[in-house]
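Single-structure report; data block below.
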């Protein structure tokens, strides 16, 4: 994998986009970040064609990474963050490799089953339908969709934060399967998907590790020498996913996650 001299747009310079942009620069790429709110080279939304026209005057990309996020939000927020940028990029750029960050939350896994890229998606809300529509725009244009497991990193892990503060643990039964992905492993996966000219276009799951709720809380109790709170928090409006995300298709390309939640827990314990 080599990014040297590549011209890259990173659309969305938040938690993931900022890490990805820095990793690309370290590999020798020329990077332009675009974001309406976060610190970026160009302030604005990719849902606005004028912003992208301005970006083209500064750099014509050969790779575009779409790392937008809504942190919840309404269906309109989803359209502005995902669908409109996908449509604009498809309309304005030709011959540019687009890697679009989606979510494993689109899968219908609710009973602990293993999901692959061929598993059915669940368009059970307007937000999910918008996200899946954005995926289809990217795929129809010859791009790649990376369905990411929930992200965590050095200063962000809801699982560990709740445990250390003695808050109710995550919703669901003890047998519920959880999936996590370190932000640096996510960035490595995206760079691989963006640089392999021979790569088959399509959907790739990206997941660092899977474990049951009972297993991870048992490990955290051992690491911190603390008992977890017996109560569970209420499920979100999206319900409780329960599945094991298979990413063997990506692993077969040479990607290997190296970070673990347990490793981060030990780091947080040392800093506490």
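The values are calculated or read from the model by the stated rules, or taken from the named source; none is laboratory data. Note that the structure is predicted; figures quoted are calculated from it, not measured. Ideal geometry is used to build each Cβ from the backbone, glycine not excepted, and the neighbour counts take in all protein chains shown.
Note on region 35-54: among residues that are crowded, with 16+ Cβ neighbours inside 10 Å and under 19 Å from residue 183 (Cβ atoms), the one that is nearest to the chain's Cα centre (by Cα) is 35. Only one of the listed residues (141, 153) is within 30 Å of residue 29 (Cβ to Cβ) and in contact (Cβ under 8 Å) with a residue 60 or more places away in the chain. That residue is 153.
Of all the listed residues (57, 114, 74, 70), the sole one being under 30 Å from residue 214 (Cα atoms), over 16 Å from the mean Cα position of the chain (by Cα) and surrounded by fewer than 19 Cβ atoms within 10 Å (Cβ to Cβ) is 114.
Residue 55 - would you say it is modelled with pLDDT of 95 or more and either closer than 21 Å to residue 127 by Cα or in a strand (DSSP E or B) (or both)? No, not satisfied. The residues in region 190-230 that are outside any loop (DSSP other than H, G, I, E, B), over 21 Å from residue 112 (Cβ atoms) and touching a residue at least 24 places away in the same chain (Cβ under 8 Å) can be counted, and the count is 11.
For region 207-250, what are the residues that are loosely packed, with under 14 Cβ neighbours inside 10 Å and under 22 Å from residue 193 (Cβ atoms)? The one that is loosely packed, with under 14 Cβ neighbours inside 10 Å and under 22 Å from residue 193 (Cβ atoms): 248.
Residue by residue, here is whether (1) under 18 Å from the mean Cα position of the chain (by Cα); (2) farther than 19 Å from residue 211 by Cα; (3) modelled with pLDDT of 95 or more holds:
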{"residue": "108", "(1), (2), (3)": "yes, no, no"}
{"residue": "120", "(1), (2), (3)": "no, yes, no"}
{"residue": "123", "(1), (2), (3)": "no, yes, no"}
{"residue": "179", "(1), (2), (3)": "yes, no, yes"}
{"residue": "190", "(1), (2), (3)": "yes, yes, yes"}
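Just one of the listed residues (30, 6) is in contact with a strand residue (DSSP E or B) (Cβ under 9 Å, 6 or more places away or on another chain), over 24 Å from residue 181 (Cα atoms) and in contact (Cβ under 8 Å) with a residue 40 or more places away in the chain, namely 6.
Conditions (1) in a loop (DSSP other than H, G, I, E, B); (2) farther than 23 Å from residue 23 by Cα, marked per residue:
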{"site": "68", "(1), (2)": "yes, no"}
{"site": "77", "(1), (2)": "no, yes"}
{"site": "88", "(1), (2)": "no, yes"}
{"site": "91", "(1), (2)": "no, yes"}
{"site": "100", "(1), (2)": "no, no"}
{"site": "128", "(1), (2)": "no, yes"}
{"site": "133", "(1), (2)": "no, yes"}
{"site": "160", "(1), (2)": "no, yes"}
{"site": "163", "(1), (2)": "no, yes"}
